[in-house]
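Below: the structure, in structure tokens.
The values are calculated or read from the model by the stated rules, or taken from the named source; none is laboratory data. Predicted, not measured: the structure shown is a model, and the values here were computed from it. Methodologically, a virtual Cβ is constructed for each residue, glycine included, from the backbone with ideal geometry; neighbour enumeration extends over all protein chains shown.
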Amino acid sequence: MGKTLFDKIWDAHIVESIDGGQDIIYIDRHYIHEVTSPQAFDGLKERNLPVFRPNKTIATADHNVPTLNQHLPIKEELSRFQVEKLTENCKNFGVELYGLGHKLQGIVHVIGPELGMTRPGMTIVCGDSHTSTHGAFGCLAFGIGTSQVEHVFASQTLMLSRPKTMRITVNGKLQKGVGAKDIILYIIANLTAAGGTGYFVEYAGDTIRSLSMEGRMTVCNMSIEMGARGGHVGVDQTTIDYVEGKEHAPKGENWNKAVTYWNTLHSDIDAKFDKEYTFDAEDISPMITYGTNPGMGIKIDNPIPSELLNASEQKSLDYMGFDANESLLGKKIQHVFIGSCTNARIEDLREVAAFVKGKQKADHVSVMVVPGSKMVEAKAKAEGLNEIFEAAGMEIREPGCSACLGMNEDKIPSGEYCVSTSNRNFEGRQGQGARTILASPLTAAAAAIYGEIRDIRSLI
Amino acid sequence: MKIEKINILNTTAVPLPMEDIDTDQIIPARFLKALTKEGFGDNLFRDWRYDRNDQTIENFVLNNSKYAGQILVAGKNFGCGSSREHAAWALNDYGFKAVISSFFADIFKGNALNNGLLPIQVNTDDLNFIFTKIEENNNTKLSINLEDQTLSIGEWQRSFDINPYKKMCLLNGYSDLDFLLSKREKIEEFETKQLIY
Ligand code: SF4
């Protein structure tokens, strides 16, 4: 029987299989950030251990950083301590840091791929659930807890049990105005927020193949939102073209060897998955969420479902201030956030800019555009996107996680609606009491201009 | 960190029958700025326990003096969302030693096991049974025996699954790290053979 992509990579990284169904898996790339690493570094200090392979770990500061005046010291004391602690730990343990002020700083899941540090066939971990993003490159990438961050520091390995495999195939042509974010919101709405738990997902089919690397990253990014351990896409020419020439990509003879190997990184035709789903691209509409978990998504022109609300769902609607059966089209919103590791890459900003060019944001809406990295920021500037955003009355910030998580200074006020290109609509995720509506960059751009939820298909 | 050994629990439980409780609710992001693992218990379920003016929300179960104990019983898909291990630290720090649900998110489950917090998965009927028992009598005692892998309330008893390796770790207070460090030679040997680009 043929092998799945998952099995190929997993098997190539088993250091040892032990009794009790666990494997010791070697980790090729370890990304860290300021929030989930300090206790892991402390663990090393307690045991008097070094970082075993410091050159396989890359650090950045992203969650806690302000997105205004990054050249000044961080005002909020605890955030500043955490970022300073990261700097100190990286220095003491010999880990390379793309910290605040570095010309390549950015959200960890944005900078890894753009620097070519994420490459096909790798095992990649980070103390962050959206590590699944890197699966777009045909990697085995997943989020871990802080104890495991310490394990990787100390041994470059993890003790893991093999998840089950799931394939989600999407075939067909997407409607105008429908993109990668809509695909993944649609999948999650169908499978629910727990539908992928226990599984590692492979995204397949001609619709997925037709996506750019940025689009594939958006899809893989949100694998965790259906509970999956991770998600990935087999390697093809799109993958290889993206990696070629990146700063850390192999060069010369190594490049040729790498490409030969990478071209084997897809599931064999006769590979068997533990679970399979197939969706038709034409059925996917622009999607939005109406509740407080990412599985609570609907086609933008559908009403909020009313069948059999349980207590959790009712609590969720109450929090959002929505009613069952209500349509969200025409719903007034107060904020638009374009950013996060899901949708803050250059392609996302280009898409938004193309739509808002020559238009003005609605008066009552505040709009924040937060590039995912310094590199994205520089490209946006060079391409003249900033002028378009400014002319439309949208505010451009400096790179970071920003209003994705209500940890740094960027927060949405209580009770107000934010159409957000991020990945989580949990209660309070964007600030205490904030009401998050997840959507694609295009749907968010339309909300910015019209000040309400609109169907992008009628606007382009 | 030293992991506390666990084997037998015999305690009342706190019922929280909500589904899809994510780690942002267990411990909101604004409390993740600490540099140590201690003290997160005060902010466990912060925004469900206290309102924006820091006033106690009386009808939330942790504020209801009727309910206490070392076990939290919660609805399905507990611990979904962010990978923050702070969620497990907060539950531990508050005094919970086990969480019972019909379904756990993967990363949370791993984090819990790495911190000596026992995640026990039961089927939906059994979960409802436990909720009903606690509702009928808030002094209902639940017993967990890790060695035997059993959960019981009086005569009622169920066995639960746990990875044998993890069970061994919990019973002895071992962490993965002790094991991984002992494999150094194997790891170095693997590195010499590995093809990576
Ligand atoms: S952008 Fe949001 S989801 Fe992504 S790493 Fe930052 S906080 Fe996490």
Which numbered condition A:Glu409 fails, given (1) in a loop (DSSP other than H, G, I, E, B); (2) touching an Asp or Glu at 6+ places or on another chain (Cβ under 6 Å): (2)
Residues being within 12 Å of another protein chain (Cβ to nearest Cβ) and either crowded, with 23+ Cβ neighbours inside 10 Å or within 14 Å of the chain's Cα centre (by Cα) (or both) - total across segment B:107-145: 12
Test for B:Asp148: is it over 19 Å from B:Pro15 (Cα atoms), over 18 Å from the mean Cα position of the chain (by Cα) and modelled with pLDDT of 95 or more: yes
Residues of segment A:421-456 that turn out to be surrounded by 24 or more Cβ atoms within 10 Å (Cβ to Cβ) and in contact with a His (Cβ under 8 Å, 6 or more places away or on another chain), as a count: 1
Matching residues in segment A:49-94 - criterion: being crowded, with 16+ Cβ neighbours inside 10 Å, over 26 Å from A:Leu158 (Cβ atoms) and basic (Lys, Arg): A:Arg80
Residue pairs meeting the criteria (Cβ under 8 Å; at least 6 apart or on separate chains; first hydrophobic (A, V, I, L, M, F, W, C), in segment A:86-99; second assigned to a helix (DSSP H, G or I) and surrounded by 19 or more Cβ atoms within 10 Å (Cβ to Cβ)): A:Leu86/A:Pro38; A:Phe93/A:Phe41; A:Phe93/A:Leu44; A:Phe93/A:Phe153; A:Val95/A:Asn89; A:Leu97/A:Leu86; A:Leu97/A:Cys90
Filtered residues of segment B:79-106 (kept if closer than 24 Å to B:Asp126 by Cβ and facing chain A (nearest Cβ under 7 Å)): B:Cys80, B:Phe103, B:Ala105, B:Asp106
Test: A:Pro399 is touching a helix residue (DSSP H, G or I) at 6+ places or on another chain (Cβ under 7 Å), of a type outside the set (Asp, Glu) and modelled with pLDDT of 95 or more: yes
Within segment A:109-134, considering residues that are farther than 22 Å from A:Gly245 by Cβ and in contact with a Cys (Cβ under 9 Å, 6 or more places away or on another chain), the one farthest from the ligand (Cβ to nearest atom): A:Thr123
Qualifying residue in segment A:303-316 (condition: polar (S, T, N, Q) and within 15 Å of A:Thr443 (Cβ to Cβ)): no
Strands (runs of 3 or more DSSP E) contained in segment A:275-340 and holding at least 1 residues within 14 Å of chain B (Cβ to nearest Cβ): A:287-289, A:297-299
Odd one out for A:Lys381, checked against (1) more than 10 Å from chain B (Cβ to nearest Cβ); (2) among the basic types (Lys, Arg); (3) within 14 Å of the ligand (Cβ to nearest atom); (4) without any contact (Cβ under 8 Å) to a residue 24 or more places away in the chain: (3)
Among (1) within 16 Å of the ligand (Cβ to nearest atom); (2) in contact with a strand residue (DSSP E or B) (Cβ under 9 Å, 6 or more places away or on another chain), the one test that A:Val95 misses: (1)
Those residues of segment B:122-137 which are within 28 Å of B:Phe40 (Cβ to Cβ) and in a loop (DSSP other than H, G, I, E, B), in sequence order: B:Val122
Matching residues, segment B:24-38, being within 22 Å of A:Asn89 (Cα to Cα) and more than 7 Å from every other protein chain (Cβ to nearest Cβ): B:Phe31, B:Ala34, B:Glu38
Single residue of A:Ser373, A:Ser366 found to be under 17 Å from the mean Cα position of the chain (by Cα) and farther than 24 Å from B:Asp24 by Cα: A:Ser373
So A:Leu459, is it more than 14 Å from every other protein chain (Cβ to nearest Cβ), surrounded by fewer than 23 Cβ atoms within 10 Å (Cβ to Cβ) and in contact with a helix residue (DSSP H, G or I) (Cβ under 7 Å, 6 or more places away or on another chain): yes
Residue under evaluation B:Gly154, criteria (1) under 25 Å from B:Lys5 (Cβ atoms); (2) away from chain A (no Cβ under 12 Å), criterion not met: (1)
Members of segment A:356-378 that are assigned to a loop (DSSP other than H, G, I, E, B) and more than 13 Å from the ligand (Cβ to nearest atom): A:Lys357, A:Gly358, A:Lys359, A:Gln360, A:Lys361, A:Ala362, A:Asp363, A:His364, A:Val365
Count of segment B:1-47 residues which are under 15 Å from A:Thr146 (Cβ atoms) and touching a residue at least 60 places away in the same chain (Cβ under 8 Å): 5
Pairs with Cβ under 9 Å, 6+ apart, first in segment A:395-408 and more than 7 Å from the ligand (Cβ to nearest atom), second among the polar types (S, T, N, Q) and in a helix (DSSP H, G or I): A:Ile396/A:Asn386; A:Met407/A:Ser79; A:Asn408/A:Ser79; A:Asn408/A:Ser402
Subset of segment A:221-230 [small (Gly, Ala, Ser) and in a loop (DSSP other than H, G, I, E, B)]: A:Gly227, A:Ala228
Qualifying positions in segment A:409-420 - of a type in the set (Gly, Ala, Ser) and within 14 Å of the ligand (Cβ to nearest atom): A:Ser420
Qualifying helices (runs of 4 or more DSSP H) (wholly inside segment A:106-220; at least 3 residues being more than 14 Å from chain B (Cβ to nearest Cβ) and within 16 Å of the chain's Cα centre (by Cα)): A:108-114, A:180-191
Filtered residues of segment A:50-68 (kept if within 21 Å of the chain's Cα centre (by Cα) and either of a type in the set (S, T, N, Q) or closer than 12 Å to A:Ala403 by Cα (or both)): A:Thr57, A:Thr60, A:Asp62, A:His63, A:Asn64, A:Val65, A:Pro66, A:Thr67
